[in-house]
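Visitor: After the structure tokens below, expect a handful of questions from me.
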Amino acid sequence: MSTPIPLVLPSATVRGRSGQVAGARLINGYTEINGESGKTPFTLYGAPGLTRWDTAGTTYAGAERGLIELSDAELIAFLGNQVASFDGSGTTTLIGSLSGSGRVFLARNRATTPQIGIVTSDGQYYVLSSSTITLNADTDLPAPNSIDYLKGRMLFGISTGQVYCSDFEDATSINALAFDNMNSSADRLVRVFVNAGFFYAFGTKSLEIWQPDTSLAGQPFPFSAVQQDIELGLTGPHTVAKFEKALIWVDHNNIVRYGRDGAAERASNHAVERAIAGLTDAQRATMVGSVHSFQGHEIYTLKGANFTYCLDVATARKTGLENAWFERQSYGDDHWIANYAIQFSGKYIVGNESNGKLYYINADSYTEDGTELVFEAHCPHSHKFPNRLLVDGVEVDIISGVGLNSTTESDANPVLMIDFSDDGGATFQCERTQSIGRLGERDQTIRLNRWGRCTKKGRIWRFRASAAVLKGLTQAYVHARGTR
């Protein structure tokens, strides 16, 4: 007689060097901790979708290269070689052009007419003011590789190891003496980044923290070092983000670090680290990190050429940082189409990696601008080593009765797809489907029988759902018998 054996649902993606060791994956889904009052400790939900935000019919040609808020009512977007202004409703006006193709670094000051400083990937510095973009003509500033803003001054990172600053609230004026050397290490400076009243000077293998210094008031560079000789560098200048008043970034050992005030704990797991290490140097230089939030879930998204990993702090508080990563993949791709995320007008706006479309992250949407968003959960191995398992049935408890009042049958009668892998996730087979429940059919559960015998190595069960409905998975069991 078979015995119900609980399947461990994947609360995160935790993949081993071989799928035969660990094959848990959570793709386009996230974990929500239920607490003591929940039926189960946690539920797996489908990740938020993307809803078109910019005005339809005004799409710009190029990929998103940078987003910055000029005011509460105006967002500036760098889309290909075009620079556009958007109001809170997504209505747009073309305001200029910018050559190049790489991501840009952006900072805004608090001048009477706010200025936006723009640093391009080839070291050019432009200023956007009153809808006019001007190449900076101040020869006192060497070619910068990054920019940020602190206490009235633009800060410029220089690859040879200096940080320059502008005059007070004037992005166009830089004193030739307004700099200091980040000299605790002889490595190259990668980026200057501001957080919580300090600026962080990231090198290839080092980090220094500086702050405004009132004793230097009247000096060209009124900042002094707080902490130096931190042996943590930066891989990918665009991976740094502010996260819960702390910083998160990819260090020179391809480890995601999380912390503040110079402290930094390892936040990534081995699966994330292997993905980063698998990129070329050029690909690591173009990784993008950003933060967004929905329904209490604060997410750091790290996007590489062939992956997108997301760290959920709400889950991490219960499970630890290493066990709170999930993946995002757009339909038919190995990564997410969304680039950088920015909060504006009550929403988190993201740009498309290949065109000028802008979306907002929408927890009540179950597609990506109409394209399928496939929830996917690969359970850790079920096994009875050194015996094999004869599986009589699989039973799944899902959030049911979520079908839509729709003429599209796949949405009116959504299904859960179930298959398995007996080779560590290399291949999957024997896919079967069963209804999640039409609208109002809330007592629906799933039971599918006769799954055959798995090897001593164990079996990875995979659950998928693609309908444009709420997706929620709470628990699963296999009914199985041990056998030689």
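Visitor: Going through 106, 67 one at a time, which residue ends up being open to solvent by less than 20 Å² (accessible area, probe 1.4 Å), under 24 Å from the mean Cα position of the chain (by Cα) and in contact (Cβ under 8 Å) with a residue 40 or more places away in the chain?
Guide: Working: 106 fails: open to solvent by less than 20 Å² (accessible area, probe 1.4 Å).
When all the criteria are applied, what remains is 67.
Visitor: Here is a follow-up. Residue 410 passes all but one of (1) surrounded by fewer than 19 Cβ atoms within 10 Å (Cβ to Cβ); (2) touching a residue at least 24 places away in the same chain (Cβ under 8 Å); (3) within 30 Å of residue 18 (Cα to Cα); (4) under 33 Å from the mean Cα position of the chain (by Cα); which number fails?
Guide: Every condition holds for residue 410 apart from (3).
Visitor: What number goes with the only condition from (1) under 24 Å from residue 52 (Cβ atoms); (2) within 31 Å of the chain's Cα centre (by Cα) that residue 423 does not pass?
Guide: Every condition holds for residue 423 apart from (1).
Visitor: Of all residues in the range 449-469, count the ones that are touching an Asp or Glu at 6+ places or on another chain (Cβ under 9 Å) and open to solvent by 20 Å² or more (accessible area, probe 1.4 Å). Please lay out each step first, then the result.
Guide: Of all residues in the range 449-469, those touching an Asp or Glu at 6+ places or on another chain (Cβ under 9 Å) come to 449-451, 454-455, 457-469.
Now restrict to residues that are open to solvent by 20 Å² or more (accessible area, probe 1.4 Å): 449-450, 455, 457, 462, 464, 466, 468.
Matching residues across the range 449-469 total 8.
Visitor: Please go through the range 348-392 and give me each residue that is open to solvent by less than 60 Å² (accessible area, probe 1.4 Å), of a type in the set (Asp, Glu) and not in a strand (DSSP E or B), ordered by number.
Guide: Result: 353, single match.
Visitor: Could you pull out every one of the helices (runs of 4 or more DSSP H) wholly within the range 259-324 that has 2 or more residues that are closer than 19 Å to residue 25 by Cβ and of a type outside the set (D, E, K, R)?
Guide: 270-277, 313-319
Visitor: Pick from 115, 20: which is over 25 Å from the mean Cα position of the chain (by Cα) and closer than 24 Å to residue 307 by Cβ?
Guide: Details: 115 fails: closer than 24 Å to residue 307 by Cβ.
So the residue among 115, 20 that is over 25 Å from the mean Cα position of the chain (by Cα) and closer than 24 Å to residue 307 by Cβ is 20.
Visitor: Another question, then. May I ask you to verify whether residue 440 is out of contact with any helix residue (DSSP H, G or I) (no Cβ under 7 Å at 6 or more places or on another chain), open to solvent by less than 50 Å² (accessible area, probe 1.4 Å), closer than 24 Å to residue 49 by Cα and in a loop (DSSP other than H, G, I, E, B)? Don't jump to the end; show me each part of the working.
Guide: Details: out of contact with any helix residue (DSSP H, G or I) (no Cβ under 7 Å at 6 or more places or on another chain): yes; open to solvent by less than 50 Å² (accessible area, probe 1.4 Å): yes; closer than 24 Å to residue 49 by Cα: yes; in a loop (DSSP other than H, G, I, E, B): yes.
When the stated conditions are applied, residue 440 passes them.
Visitor: Just to be sure before I move on: is residue 214 β-branched (Val, Ile, Thr) and surrounded by fewer than 15 Cβ atoms within 10 Å (Cβ to Cβ) in the structure I sent?
Guide: Values: β-branched (Val, Ile, Thr): yes; surrounded by fewer than 15 Cβ atoms within 10 Å (Cβ to Cβ): yes.
The answer is yes for residue 214.
Visitor: Quickly run through the range 12-57 and pick out the residues that are modelled with pLDDT under 95, open to solvent by 20 Å² or more (accessible area, probe 1.4 Å) and touching a Pro at 6+ places or on another chain (Cβ under 9 Å).
Guide: Within the range 12-57, 14, 22, 33, 34, 35 qualify.
Visitor: Among the residues of the range 333-343, is there at least one that is of a type in the set (Ser, Thr, Tyr), touching a strand residue (DSSP E or B) at 6+ places or on another chain (Cβ under 9 Å) and surrounded by fewer than 21 Cβ atoms within 10 Å (Cβ to Cβ)?
Guide: Looking through the range 333-343, none of the residues is of a type in the set (Ser, Thr, Tyr), touching a strand residue (DSSP E or B) at 6+ places or on another chain (Cβ under 9 Å) and surrounded by fewer than 21 Cβ atoms within 10 Å (Cβ to Cβ).
Visitor: Suppose we filter 40, 51 for residues that are part of a strand (DSSP E or B), β-branched (Val, Ile, Thr) and in contact with a strand residue (DSSP E or B) (Cβ under 8 Å, 6 or more places away or on another chain); which single one remains? Write out each step before concluding.
Guide: Numbers: 40 fails: part of a strand (DSSP E or B).
One residue alone meets the criteria, 51.
Visitor: List every residue pair whose Cβ atoms sit under 8 Å apart, with the two residues 6 or more apart in sequence or on different chains, where the first one lies in the range 201-224 and is assigned to a loop (DSSP other than H, G, I, E, B) and the second, anywhere, is open to solvent by less than 40 Å² (accessible area, probe 1.4 Å) and among the aromatic types (Phe, Trp, Tyr).
Guide: Hits for this filter: 213/223; 221/164.
Visitor: Scan the range 272-288 and give yes if some residue there is among the small types (Gly, Ala, Ser) and open to solvent by less than 20 Å² (accessible area, probe 1.4 Å), otherwise no. Outline the logic, then answer.
Guide: Taking the range 272-288 first, the residues among the small types (Gly, Ala, Ser) are 275, 277-278, 282, 285.
Subset that is open to solvent by less than 20 Å² (accessible area, probe 1.4 Å): none.
Within the range 272-288 (the criterion being among the small types (Gly, Ala, Ser) and open to solvent by less than 20 Å² (accessible area, probe 1.4 Å)), the answer is no, since none of the residues qualifies.
Visitor: Given the condition open to solvent by 70 Å² or more (accessible area, probe 1.4 Å), of a type in the set (Lys, Arg) and not in a loop (DSSP other than H, G, I, E, B), answer yes or no: does some residue in the range 421-435 qualify? Walk me through it before giving the result.
Guide: To start, the set of residues in the range 421-435 that are open to solvent by 70 Å² or more (accessible area, probe 1.4 Å) comprises 426-427, 429-433.
Filter once more, keeping what is of a type in the set (Lys, Arg): 432.
Filter again for not in a loop (DSSP other than H, G, I, E, B), leaving 432.
Within the range 421-435 (the criterion being open to solvent by 70 Å² or more (accessible area, probe 1.4 Å), of a type in the set (Lys, Arg) and not in a loop (DSSP other than H, G, I, E, B)), the answer is yes, since at least one residue qualifies.
Visitor: Are any residues in the range 140-153 in a loop (DSSP other than H, G, I, E, B) and crowded, with 19+ Cβ neighbours inside 10 Å, and if so, which ones?
Guide: Within the range 140-153, the first condition is being in a loop (DSSP other than H, G, I, E, B), and the residues that meet it are 140-145, 151-152.
Residues satisfying the conditions are 141, 144, 145.
Visitor: Right, here's the next one. Does the range 336-347 contain any residue that is within 14 Å of the chain's Cα centre (by Cα) and in a helix (DSSP H, G or I)?
Guide: No; the residues of the range 336-347 include none that is within 14 Å of the chain's Cα centre (by Cα) and in a helix (DSSP H, G or I).
Visitor: A follow-up question, please. Could you please find all residues in the range 228-271 being open to solvent by 20 Å² or more (accessible area, probe 1.4 Å) and charged (D, E, K, R)?
Guide: Residues satisfying the conditions are 229, 231, 242, 244, 245, 257, 260, 261, 265, 266.
Visitor: State all residues of the range 307-332 that are open to solvent by 30 Å² or more (accessible area, probe 1.4 Å) and under 13 Å from the mean Cα position of the chain (by Cα); if no residue qualifies, say none.
Guide: Result: 329, single match.
Visitor: So in the range 1-57, with the set limited to residues that are out of contact with any Phe, Trp or Tyr (no Cβ under 8 Å at 6 or more places or on another chain) and hydroxyl-bearing (Ser, Thr, Tyr), which one is farthest from residue 314 (Cα to Cα)?
Guide: 2
Visitor: Pull up the range 393-402, narrow it to residues that are open to solvent by less than 40 Å² (accessible area, probe 1.4 Å) and in contact with a Ser or Thr (Cβ under 8 Å, 6 or more places away or on another chain), then point me to the one that is farthest from residue 482 (Cα to Cα).
Guide: Quick first cut of the range 393-402, residues open to solvent by less than 40 Å² (accessible area, probe 1.4 Å) only: 393-394, 396-398, 400-402.
Restricting the remaining residues to those that are in contact with a Ser or Thr (Cβ under 8 Å, 6 or more places away or on another chain) gives 393, 396-398, 400.
Working: 393: 14, 396: 21, 397: 24, 398: 27, 400: 31 Å.
Among residues in the range 393-402 that are open to solvent by less than 40 Å² (accessible area, probe 1.4 Å) and in contact with a Ser or Thr (Cβ under 8 Å, 6 or more places away or on another chain), the one farthest from residue 482 (Cα to Cα) is 400.
Visitor: Scan the range 154-172 for residues that are of a type outside the set (A, V, I, L, M, F, W, C) and either open to solvent by less than 30 Å² (accessible area, probe 1.4 Å) or not in a loop (DSSP other than H, G, I, E, B) (or both) and report the count. First the steps, then the outcome.
Guide: Looking only at the range 154-172, we keep the residues that are of a type outside the set (A, V, I, L, M, F, W, C), and these are 157, 159-162, 164, 166-167, 169-170, 172.
With the extra rule that they be either open to solvent by less than 30 Å² (accessible area, probe 1.4 Å) or not in a loop (DSSP other than H, G, I, E, B) (or both), the set shrinks to 157, 161-162, 164, 166-167, 170.
Counting residues in the range 154-172 that are of a type outside the set (A, V, I, L, M, F, W, C) and either open to solvent by less than 30 Å² (accessible area, probe 1.4 Å) or not in a loop (DSSP other than H, G, I, E, B) (or both) gives 7.
The values are calculated or read from the model by the stated rules, or taken from the named source; none is laboratory data. Remember, predicted model here, so these are calculated numbers, not experimental data. Don't worry about glycine lacking a Cβ; one is built from the backbone with ideal geometry, like all the others, and counts go over all protein chains shown. These area figures cover heavy atoms from the full protein model, side chains too; ligands, DNA and RNA do not enter into them. Shrake-Rupley method; radii C 1.70, N 1.55, O 1.52, S 1.80 Å.
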